[in-house]
Amino acid sequence: MASRKRDPVVAAPARPDALVLGLAAAGFAIAAYLTWLKWSGTTAAFCLSGSGCDIVQASRYGALLGVPTALWGALLYLAIGALAVVGLTAPRWTWAFYLAAAGVGVSLYLTAVSVVVLRVTCAYCLGSAAVMVATLLVLLWRRTALPGRRKLASLLPGAVAAAVLAPLGAAFVFAFPQGGGAGFEAALVRHLREKGAVMYGAYWCRHCTEQKALFGDAAKDIPYVECDPKGVNARPDLCQKEGVRSFPTWVMGEARREGLQSPQALAEFSKFEEPAKPSK
């Protein structure tokens, strides 16, 4: 009796993962918004000028390798979202899992830095961190439905490595001095004075004190106007004339920046270029 050939089993095509895609889209929206805030120098919605959001954005941790730190997060969410769109087969799930683990590691590192070093928190940053943790947990949950999946124990070393090495790499980059060597702040202050830039503030404003501290010894030369009538050499009339509503506010001609600004942000604001070092 002739044997009957069996039709080959065709695997069902991978379907987009709506839940992972939705989380990636939410994280991308937050990161993209923070990137735009960094580039535009705008205060975040629902955050007061000079609040934790401004301090985090203006700090040295607000930019990584010359671009907003949030942009790297947006690219990470974009990669996870792309994998979710084409379908999380076992290999794609593994890539998404490792990417999410790296994202969680960096998010925890940046959250620790903001709390311990900057002593502030940013609601948007915390929101992005929560979305990344949720993405990792959902991926773990989705794993149980994957055909041909590897044992979780074999994936943990790679996930732990991604969660540790990614923040270590960021910390290594942040460890290098930003914006040039010694004399950068002093040269920037001279440039700001030449450009007619003025910092408006108040003696009781904590963020104004932090703003000056970012310039080190050059802080005494910052073009500063005291807006509170009770302050030393106060000129509230000039503050009123410029329409200053929050402290600190930097004004240069028709342009202005509100909230705490890093020296690098002010360098971009005033189009300052650090003088080239003389060759030996």
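The values are calculated or read from the model by the stated rules, or taken from the named source; none is laboratory data. Since the structure is predicted, the reported quantities are computational estimates derived from the model, not experimental observations. So basically every Cβ, Gly included, is an ideal-geometry build from the backbone, and we count neighbours across all protein chains shown.
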Subset of the stretch 189-205 [out of contact with any helix residue (DSSP H, G or I) (no Cβ under 6 Å at 6 or more places or on another chain) and touching a residue at least 40 places away in the same chain (Cβ under 8 Å)]: HIS191, LEU192, LYS195, GLY196, ALA197, VAL198, MET199, ALA202, CYS205
The stretch 210-227, residues that are surrounded by 16 or more Cβ atoms within 10 Å (Cβ to Cβ) and not hydrophobic (A, V, I, L, M, F, W, C): GLU210, GLN211, LYS212, PRO223, TYR224, GLU226
Residue check, LEU260 buried (at least 20 other Cβ atoms within 10 Å of the Cβ), farther than 29 Å from ALA129 by Cα and not assigned by TED's automatic domain parsing to the domain that holds ARG119: no
Which numbered condition ALA163 misses (of (1) in contact with an Asp or Glu (Cβ under 9 Å, 6 or more places away or on another chain); (2) at pLDDT 90 or above; (3) among the aliphatic types (A, V, I, L, M)): (1)
Filtered residues of the stretch 112-134 (kept if over 17 Å from ALA74 (Cα atoms) and β-branched (Val, Ile, Thr)): VAL113, VAL115, VAL116, VAL117, VAL120, THR121
Failed item in (1) surrounded by fewer than 16 Cβ atoms within 10 Å (Cβ to Cβ); (2) more than 19 Å from ASP54 (Cβ to Cβ); (3) touching a residue at least 12 places away in the same chain (Cβ under 8 Å), with ALA255 passing the rest: (2)
Residue in the stretch 1-50 that is modelled with the highest pLDDT, counting only those that are assigned to a loop (DSSP other than H, G, I, E, B), surrounded by 20 or more Cβ atoms within 10 Å (Cβ to Cβ) and of a type in the set (Gly, Ala, Ser): ALA44
Tally of residues being β-branched (Val, Ile, Thr) and either without any contact (Cβ under 8 Å) to a residue 12 or more places away in the chain or in contact with a Ser or Thr (Cβ under 9 Å, 6 or more places away or on another chain) (or both) across the stretch 231-252: 1
Candidate set: the stretch 60-111, residues that are modelled with pLDDT under 95, surrounded by fewer than 20 Cβ atoms within 10 Å (Cβ to Cβ) and small (Gly, Ala, Ser); chosen: the one farthest from GLU268 (Cα to Cα): ALA90
Search result, residues across the stretch 97-129 that are among the hydrophobic types (A, V, I, L, M, F, W, C), under 21 Å from the mean Cα position of the chain (by Cα) and within 19 Å of LEU19 (Cβ to Cβ): LEU99, ALA100, ALA101, VAL104, ALA129
